[in-house]
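The numbers here are math on the coordinates, done by the rules we state, and not lab data. Every value quoted in this text rests on a predicted model; they were computed, and no experiment measured them. Cβ placement follows ideal geometry from the backbone for every residue including glycine, while neighbour counts extend to all protein chains displayed.
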Amino acid sequence: MMMRVIEDELFPSTPGKVKIERTHAASRQFHRCFASTSTLFLWALLLIALTASYLSFQSFVDTSSRYFTASWGGLHWERQIRASAAVRRDDGIAVLVTGAAGFVGTHVSLALRRRGDGVVGIDNFNAYYDPSLKKARKALLAGHGVFVVDGDINDARLLEKLFDTVPFTHVMHLAAQAGVRYAIENPASYIHSNVAGLVTLLEACKSADPQPAIVWASSSSVYGLNDKVPFSESDRTDRPASLYAATKKAGEEITHIYNHIYGLSITGLRFFTVYGPWGRPDMAYFSFTRNILQGKPITVYRGRDGTDLARDFTYIDDIVKGCVAALDTAEASTGIGKQKRRPAQYRIYNLGNTSPVTVPALVRILERYLKVKARKNMVEMPGNGDVPFTHANISLARAELGYKPTTNLETGLKKFVKWYLSYYGYSRRAGGKHQ
Ligand SMILES: NC(=O)c1ccc[n+]([C@@H]2O[C@H](COP(=O)([O-])OP(=O)(O)OC[C@H]3O[C@@H](n4cnc5c(N)ncnc54)[C@H](O)[C@@H]3O)[C@@H](O)[C@H]2O)c1
């Protein structure tokens, strides 16, 4: 009986449509069989249609919720971008700084803004280290009229929107997953930011009109197992010791492709251990300072043969000068409409300090400025990607960028400690405050 009702509903005796005869038992049986198969078929179709519309609704909801909850877009946002990108000096440049809420990004953005260039930042404020420090840097930049977009360089739509809103002349690309040891824990983050993010950014730059010139941060880590010192740009870089180094080396190759095919002007800067105020909490000079002040022991690594590790520590102001000089000497990109018109500039420079200092010597300087003796655990360096020493040959940057570092570790650490004590409230309270 039930089947009959369904049959009637699905095959109504509508005028003009064939009415099914139900006289003969055999044909009736056949019909039932046919009808139930058809019924099933129709139900299946209905189900598929419902599933498909549900899925497309879901994707609509996803896309629109992403659109509506995105922290960017809208007239007010565009006005902020344009104001931040406004150039306030003759022959000034308009720079998109990626990783602007990072250590180096903040300093470079400030330096550019101070001399009247237009600067817009982008940063995803990830939690690799304390995001409140990144937010504080963002607030510092806002106080100087630099707006930092909260977004990821993998967001192609956001990048397209930024280039549509502002004809950036330059990109200072500093966004990256930094640090060597974290790759053991989270290797994917290096691929996400240093490889996929770089390609997304270069795609946006290649399509932008005008195409910007790109200056970006590679790293001294590309020298890897190289033991010829000091490290020169022409030395081998095909033996990285960490995933971080490998992604930076990959970045040098990837940028070369975009230079070769699309005419993007590229300058890669191999930074050597940058330190200073507003620095990175994951770096040794920073975490040593925190631990020493909190009375906690510090771990000092030594080489396998008992030798001290040494780094070519480079003060942030010197790095900033190198970055700005690279921007100022960068030639324009030569592509238009994604086509290269003629060969474009491709450069790589070391930006170091040329005088490596051992880690125990660094600790002694900190002890002096902090007026606290460090409790040291001397540990053999684990095989997690660190290299025993770095030492930059900077003659190329000196000759072509006029790069000339002027701050030694003593002076630079003094400035860092002063900032640290003030930022974390030690100068205001006797006995200090715990981070
Ligand atoms: N500080 C050094 O000693 C040193 C040495 C060699 C190379 N470098 C390179 O210099 C650059 C700047 O380093 P830093 O010390 O300022 O590091 P940092 O971690 O302080 O700054 C990087 C910033 O990029 C942001 N970021 C990361 N991935 C992102 C993404 N996918 N989208 C948007 N933003 C993202 C982070 O939130 C961070 O604020 C990096 O490329 C780093 O690899 C630094």
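On the beta carbon distance between Ala361 and Ile184, with R0 = 45 Å, the FRET formula returns roughly 0.95.
What is the magnitude of the charge dipole of region 111-261 about its Cα centre, with +1 placed on the Cβ of each Lys and Arg, -1 on the Cβ of each Asp and Glu, and no other charges, expressed in debye to the nearest 20?
Once rounded to the nearest 20, the dipole reads 460 debye.
Overall, region 297-392 carries a charge dipole of about 200 debye about its Cα centre when +1 sits on the Cβ of Lys and Arg and -1 on the Cβ of Asp and Glu, all other atoms neutral. Here the calculated FRET efficiency for Glu253 and Tyr423, from their Cβ-Cβ distance with R0 = 35 Å, stands at 0.35, rounded to the nearest 0.05. Antiparallel beta bridges, as assigned by DSSP with both residues in region 232-359, represent about 40 percent of the total such bridges.
Annotation: for a label point projected 7 angstrom from Cα along Cα→Cβ of Ser287, residues of region 352-385 with backbone N closer than 16 Å are 359-360, 363, 375-385. Please work out the FRET efficiency for the pair His260 and Ala136, using the Cβ-Cβ distance as r and a Förster radius of 41 Å; give the result to the nearest 0.05. About 0.50, to the nearest 0.05.
Roughly how big is region 314-360's charge dipole about its Cα centre, with Cβ charges of +1 (Lys, Arg) and -1 (Asp, Glu), in debye to the nearest 20?
480 debye
Have a look at the DSSP beta bridges in region 299-385 and tell me what percent are antiparallel, nearest 5. In region 299-385, approximately 55 percent of DSSP beta bridges are antiparallel ones. Residue pairs exceeding 26 angstrom between C-alpha atoms, taken from Lys249/Lys321; Lys138/Lys249; Lys161/Lys206: Lys138/Lys249. Using the structure shown, select from Lys135/Lys373; Lys371/Lys415; Lys371/Lys418; Lys135/Lys404; Lys376/Lys418; Lys134/Lys376 the pairs with a Cα to Cα distance greater than 20 angstrom. Beyond 20 Å: Lys135/Lys373; Lys135/Lys404; Lys376/Lys418; Lys134/Lys376.
Within region 180-288, list the trypsin sites (Lys or Arg not before Pro) lying in a DSSP loop whose Cβ has at most 11 other Cβ atoms in a 10 Å radius. Hits after loop and neighbour filter: Lys228. Subtracting the Cα-Cα distance of Leu396 and His144 from their residue separation scaled by 0.36 nm leaves 87.4 nm.
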